[in-house]
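Heads up, the thing below is written out as structure tokens.
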Amino acid sequence: MSKKKTTFNISKTNNFSEWYSEILNKAEIVDLRYGVKGFVVIRPWGARIIDKMYRIYESALRCTGHEAAIFPAVIPEKNFKRESSHVEGFAPEVFWLDKKQGDERLALRPTSETAFYEMYNLWIRSYRDLPLKIYQRANVFRNETKATRPLIRSREFHWIESHDAFATKKDAEAQVRDDIVMTEEVMHKIFGVPFLPMRRPQWDKFPGAEYTIGSDSILPDGKVIQQPSTHLISQHFVKAFDVKFVNEVEKERTPWLTCYGPCMSRILASVISVHGDDNGLVLPYTIAPVQVVVVPFYGEDSKKVKEMVEKIQKDLFGEHIDVRVDDSDKRSGEKFFYWEMKGVPFRVEVGEKELANGEVTVFIRDSRERVSVKVGDLVESIKNLGAEYDSRLLARADEFFEGKVVECKDKVGVKKALNSGKVVRFAFCSADVEGAECAGFVEKELEARVMGTRADVGEKVVGKCVVCGKKAGVVVYVGKSY
Ligand SMILES: [Zn+2]
């Protein structure tokens, strides 16, 4: 009989790429054997994390006045064609259906502005209909030509898209700022994924937007991964869909639209990468599919242990804590390894000896500490330990993140920093079209991307553009990206 491996044993720091592929497989997050490039099966363990993330995000959206809807997955070609930059931007990535409607082609949605606005044209009549804030939980499809990477760059991804309409530009811009706050409150504070809010350069905004504010998180190898973006949609786009309303004094006006797209499958990639360690997954307590695994140790009096395990399970379940009992006949070492690798925050060991003192042992996944807890205090203890657990993960992620961003003054320094897995901050000529040429250099010569300028703080620039030597107008952040 072959002995099962009892350590995960791949260094996340030294070999992130292998670690990532291996953990997705071992922890049963995704299965890549479906047989269609860029499409993966998300297995129950991954699906449950994503579901918990969806619930938290949707509840945050409802708290800020959004309502849910469900839109069709197909979009008629004429909708795409209404706004030229949008069709140009998305056309290369669209999956067209073979089956037409009459003469018209139908697209599988790559994003749903053109589906929502079709209906906003009918739903928005008067200022009383505004603001209108609707989101949907959806999968969208983009025929990525670049190499795909599970959860990071796929041809199908699972996100929320919210499409909001306002009477004034001021209200719409306030929503864009609120979207960034939501990314901070949910993705950073709850899921523990730090990010830089970036106003995208003009050449990299959403096709059809006046401007885009993205958020970039950083993976352990220093590569940047794009997280939720929010966009102020251009009036040209809104007019193309003929969305209008009548204001308080009976004058016809065009509303201002925004959209926001947090992608759960991609955030999961960051959660896994940022928190995991050499023993496997480490998941925030709040979104772990199983928060507590109970492992019984049977001795002389198995009845007593069994009864206690049942009581613990019932108590935890009664407080909405996701609990599972591992009653399998695997060796305890195997059980420990398995649940640690799956990222379960707490393991409760129930054995006769401790029960004699009215205690159980709690093993804490991230710190690998063991603490004794009185059976009567277990539920409260788990709740407290859970909150501490998530703050610890957040603090660790923030510390990592801060060490990843460096400042450079010249091309050589920038190149060196990028190649050593850093995101670099430097003086740059312009984030408007005039800067596109220097951005081209960054892309070609440095194999990196100009992420943009800080959207949350104003950064003063001095000196010259590190690339062309002309007077610098902005401070940009540049990183290698997925
Ligand atoms: Zn320049």
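When the charge dipole of the range 98-234 is built from unit charges on Cβ atoms (+1 for Lys and Arg, -1 for Asp and Glu) and taken about the Cα centre, the candidate among PRO201, SER234, SER154 whose Cα reaches farthest toward its positive end is SER154.
A Cβ-based charge dipole, computed about the Cα centre of the chain with Lys and Arg at +1 and Asp and Glu at -1, lands at about 1100 debye. With both residues required to sit in the chain, DSSP beta bridges show an antiparallel share near 80%.
Suppose every Lys and Arg Cβ carries +1 and every Asp and Glu Cβ carries -1, with no other charges. What dipole size does the range 305-398 come out with about its Cα centre, to the nearest 20 debye?
Values: 17 positive and 21 negative charges, 51 e Å.
Value, rounded to 20: 240 debye.
When the helices of the chain are scored as -39500 (n - 2.57) per DSSP H run of n ≥ 4 and the total is divided over every residue, the value at 222 nm lands at -10500 deg cm²/dmol. Applying both filters, DSSP loop and at most 14 other Cβ atoms within 10 Å, to the GluC sites (Glu not before Pro) of the range 191-264 gives GLU248, GLU250. Across the range 16-275, Cα pairs under 8 Å and at least six residues apart give a relative contact order of 20 percent. Relative contact order of the range 405-479, taken over Cα pairs closer than 8 Å and 6 or more residues apart, is 39 percent. Could you run the Debye sum over the Cα atoms of the range 405-479, one equal point scatterer each and no solvent, and tell me log10 of I(q)/I(0) at q = 0.24 Å⁻¹, two decimals? So the normalised log intensities are -1.13. Each Lys and Arg contributes +1 and each Asp and Glu -1, all at the Cβ; summed about the Cα centre of the range 127-178, the dipole is approximately 240 debye. Have a look at ALA436, THR258, VAL309 and report the one farthest towards the positive end of the charge dipole of the chain, computed about the Cα centre with Cβ charges (Lys/Arg +1, Asp/Glu -1). Projecting each Cα onto the dipole axis, the largest value belongs to ALA436.
Which whole-number percent is the relative contact order of the chain (Cα, under 8 Å, 6+ apart)? It would help to have the intermediate numbers written out before the result.
Values: 918 pairs, mean separation 69.0, N = 482.
Reported relative contact order: 14 percent.
Calculate the translational D of the chain in whole µm² s⁻¹ from Stokes-Einstein, where the hydrodynamic radius comes from the Kirkwood formula applied to all Cα pairs, the temperature is 20 °C and the viscosity 1.002 mPa s.
On the way: Rh = 24.7 Å.
Rounded to a whole number, D works out at 87 µm²/s.
Considering only GLY403, ILE364, GLY376, and ranking their Cα positions along the charge dipole of the range 353-482 that arises from unit charges at the beta-carbon of Lys, Arg, Asp and Glu, the one farthest toward the positive end is GLY403. Pairs exceeding 21 Å between alpha-carbon atoms, taken from LYS306/LYS330; LYS415/LYS470; LYS170/LYS471; LYS189/LYS374: LYS170/LYS471; LYS189/LYS374.
Taking every DSSP beta bridge with both residues inside the range 290-388, roughly what % is antiparallel (nearest 5)? Present the calculation step by step, with values, prior to reporting the outcome.
Values: 9 of 18 bridges.
Percent antiparallel among DSSP bridges in the range 290-388 is about 50.
We did not get these values from a lab; they are worked out from the coordinates using the rules stated. Everything numeric here is computed off the predicted structure, so don't read it as measured data. Counting neighbours? That spans all protein chains shown, and the Cβs are built from the backbone with ideal geometry, glycine included.
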